[in-house]
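For reference, the structure is listed below as structure tokens.
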Amino acid sequence: MFFLLLFFIIALYEFVSAYDVNINTVEDFEKIGLIDRLKNPYINVFLMKNLDFFNVTYKSLNLTNAVFDGNNHVIENIGASLFQYVFGNVTIRNLKLDSSCNGALANFIYLNSSNCTIEYIELNEKIEIECDGNCIVGGLVNQVVLKNDSSLTIQNSISAGTLFCYNCASLSGLIGEIDSSINSQVYLNFLENYANISSICTNQHCKSSGISNLQSGGIIRIDNCANFGNLNVTLGYQSGDAYSCGIVCCSSELELYIRNTQNEGSVSSFFSFGISNYVHNITLSKNYGTIFGYQVASGLFQNAVFSEWVENHGDIESEHSCYGIGINCHELMYYALNDGIMKGNNVYGIAYNVNKAFFLLNKAFFGKGYLVMA
């Protein structure tokens, strides 16, 4: 009986223990897709050397139930996403990418009752892409979908270079779009975008941001993120809802918590915001960049429920309305400082509508306007 139990334990360990793979060449990397995943349901992949895919026709691999550790090595000249689909429980870390392909790390991440962590990734990108008006483009990851108690953590990663898209629906320096279910959780921590992002938008529904665009869903927490790149959207029409945000743009009001973020890049679009358009709670966040919005320009946000310790030091300009901090704060605004130069037909030094406010300081210069119209 003892030996039967011991045999069972050994067999179970062999089944659930991960299969280790060392990658030394481009050929080794391409063989990841040939691993028998029925026999080896969990794998650990270790990149042992830098890889150069110059003159290599690479077909993106799928990655599931795996740990991929780049060991701080570089993968360069890759003409497609490193991974086409990422699903299951996956960790990707310690990797440097030099790419001319959008979604350089992953095209699509799908999480269904599973967890994904991406950390310590450095991306240098030079991307030009033309779309049909519906595509979702991110420098690091194009699109993420979370279902049924899943969680996504992306942290300690950097994007740099240039990103241009003609007619994109959603465009961002790191993650093109995150769509999460109401019972899922998203954590974006210590992310920085240095890439200059520009687009020509002929579709009347487009979003661009430094870090990510958010579609819908559960709890989303953004901590210690920054945008240093310039965002410029040129419109191919006279009206619509083209949004640009220094950190994140949302399609609707979400349970979004933003803490200790800053924007230093210029933001120019039809509706432009230094940090985000919709946010539930924004704390300890600042804008230093120049914000221009043809219809609306705001130093930090459009709508918030709670706003605490926020500052705008950038210049704000609009052909119509501009706001030093935000348009609406539905519950409480506690300490807000604006000292940027403001130009527009309707100028609000802090906000248009605030339910309760304490310690609002406006040092902005403008010819005429309002501190708060409540």
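The values are calculated or read from the model by the stated rules, or taken from the named source; none is laboratory data. In this text, all values refer to a predicted model and were calculated from it rather than measured experimentally. Cβ: placed from backbone, ideal geometry, glycine included. Neighbour counts: every protein chain shown. Accessible surface areas use protein heavy atoms only, side chains included; no ligands, DNA or RNA. Shrake-Rupley method; radii C 1.70, N 1.55, O 1.52, S 1.80 Å.
Can you pull out every residue in the stretch 180-198 that is at pLDDT 90 or above and farther than 18 Å from Ile275 by Cα?
Passing the criteria: Ser180, Ser184, Gln185.
Among what's in the stretch 350-374 and is within 14 Å of Glu317 (Cβ to Cβ) and in contact with a strand residue (DSSP E or B) (Cβ under 7 Å, 6 or more places away or on another chain), pick the residue that is modelled with the lowest pLDDT.
Selected residue: Gly369.
Is it the case that the stretch 281-303 has a residue that's of a type in the set (Ser, Thr, Tyr), at pLDDT below 95 and buried (at least 24 other Cβ atoms within 10 Å of the Cβ)?
The answer is no, given that none of the residues of the stretch 281-303 is of a type in the set (Ser, Thr, Tyr), at pLDDT below 95 and buried (at least 24 other Cβ atoms within 10 Å of the Cβ).
Does the stretch 216-234 hold any residues that are open to solvent by less than 60 Å² (accessible area, probe 1.4 Å) and modelled with pLDDT of 85 or more, and which are they?
Matches in the stretch 216-234: Ile219, Ile220, Ile222, Asp223, Asn224, Cys225, Ala226, Asn227, Gly229, Leu231, Val233.
What about Gly88, is it of a type in the set (Gly, Ala, Ser), touching a residue at least 12 places away in the same chain (Cβ under 8 Å), part of a loop (DSSP other than H, G, I, E, B) and within 23 Å of Ile136 (Cα to Cα)?
When the stated conditions are applied, Gly88 does not pass them.
Do any residues in the stretch 132-146 that are on the phi > 0 side of the Ramachandran plot have Cβ atoms under 9 Å from those of residues that are assigned to a strand (DSSP E or B) and surrounded by fewer than 24 Cβ atoms within 10 Å (Cβ to Cβ), where the two are at least six apart or on different chains, and which pairs are they?
As it stands, the answer is Gly133/His205, since those pairs meet every condition given.
Six or more apart or on different chains, Cβ under 6 Å: which pairs go from a residue in the stretch 95-112 that's farther than 10 Å from Ser60 by Cβ and of a type in the set (S, T, N, Q) to one that's open to solvent by 10 Å² or more (accessible area, probe 1.4 Å) and at pLDDT below 95? Could you list them?
Once the first residue is farther than 10 Å from Ser60 by Cβ and of a type in the set (S, T, N, Q) and sits in the stretch 95-112, its partners that are open to solvent by 10 Å² or more (accessible area, probe 1.4 Å) and at pLDDT below 95 give Ser100/Lys126; Asn102/Ile129; Asn112/Lys147; Asn112/Asn148.
State which residue pairs qualify: first residue under 28 Å from Ser181 (Cα atoms) and inside the stretch 253-270, second residue open to solvent by 20 Å² or more (accessible area, probe 1.4 Å) and in a loop (DSSP other than H, G, I, E, B) in any location, beta carbons under 6 Å apart, and separation of 6 or more residues or different chains.
Asn260/Asn224
Between a first residue in the stretch 161-172 that is farther than 16 Å from Gly246 by Cα and a second residue that is part of a strand (DSSP E or B) and among the hydrophobic types (A, V, I, L, M, F, W, C), which pairs have beta carbons less than 6 Å apart while being 6 or more apart in sequence or on different chains?
Cys165/Ile129; Cys165/Val137; Cys165/Leu171; Tyr166/Ile200; Cys168/Val137; Ala169/Cys206
Taking the residues in the stretch 104-118 that are assigned to a strand (DSSP E or B) and open to solvent by less than 10 Å² (accessible area, probe 1.4 Å) as candidates, determine which candidate is farthest from Phe87 (Cα to Cα).
In this case the residue turns out to be Ile118.
For the stretch 32-42, check the following and say yes or no: at least one residue is without any contact (Cβ under 8 Å) to a residue 60 or more places away in the chain, in contact with a Leu (Cβ under 8 Å, 6 or more places away or on another chain) and either closer than 26 Å to Gly161 by Cβ or surrounded by 15 or more Cβ atoms within 10 Å (Cβ to Cβ) (or both).
Yes: one or more hits.
In the stretch 138-150, which residues are farther than 22 Å from Leu231 by Cα, assigned to a strand (DSSP E or B) and open to solvent by 30 Å² or more (accessible area, probe 1.4 Å)?
Lys147
Among the residues in the stretch 84-92, are any buried (at least 21 other Cβ atoms within 10 Å of the Cβ), closer than 28 Å to Ile200 by Cβ and under 18 Å from the mean Cα position of the chain (by Cα)?
Looking through the stretch 84-92, none of the residues is buried (at least 21 other Cβ atoms within 10 Å of the Cβ), closer than 28 Å to Ile200 by Cβ and under 18 Å from the mean Cα position of the chain (by Cα).
Within the stretch 253-260, can one find any residue that is in a loop (DSSP other than H, G, I, E, B), surrounded by fewer than 24 Cβ atoms within 10 Å (Cβ to Cβ) and among the hydrophobic types (A, V, I, L, M, F, W, C)?
Yes: one or more hits.
Spot the failing condition for Ala242; the list is (1) out of contact with any Leu (no Cβ under 9 Å at 6 or more places or on another chain); (2) surrounded by 24 or more Cβ atoms within 10 Å (Cβ to Cβ), and only one is missed.
(1)
Restricting the search to the stretch 175-213, which residues are within 14 Å of Gly246 (Cβ to Cβ), assigned to a loop (DSSP other than H, G, I, E, B) and without any contact (Cβ under 8 Å) to a residue 40 or more places away in the chain?
Tyr194, Ile211 - these are the residues of the stretch 175-213 that are within 14 Å of Gly246 (Cβ to Cβ), assigned to a loop (DSSP other than H, G, I, E, B) and without any contact (Cβ under 8 Å) to a residue 40 or more places away in the chain.
Got at least one residue in the stretch 45-58 being crowded, with 16+ Cβ neighbours inside 10 Å, at pLDDT below 95 and not hydrophobic (A, V, I, L, M, F, W, C)?
Within the stretch 45-58, one or more residues are crowded, with 16+ Cβ neighbours inside 10 Å, at pLDDT below 95 and not hydrophobic (A, V, I, L, M, F, W, C).
What number of residues within the stretch 119-131 satisfy the criterion of being under 22 Å from Thr162 (Cβ atoms) and either open to solvent by 40 Å² or more (accessible area, probe 1.4 Å) or among the aliphatic types (A, V, I, L, M) (or both)?
9
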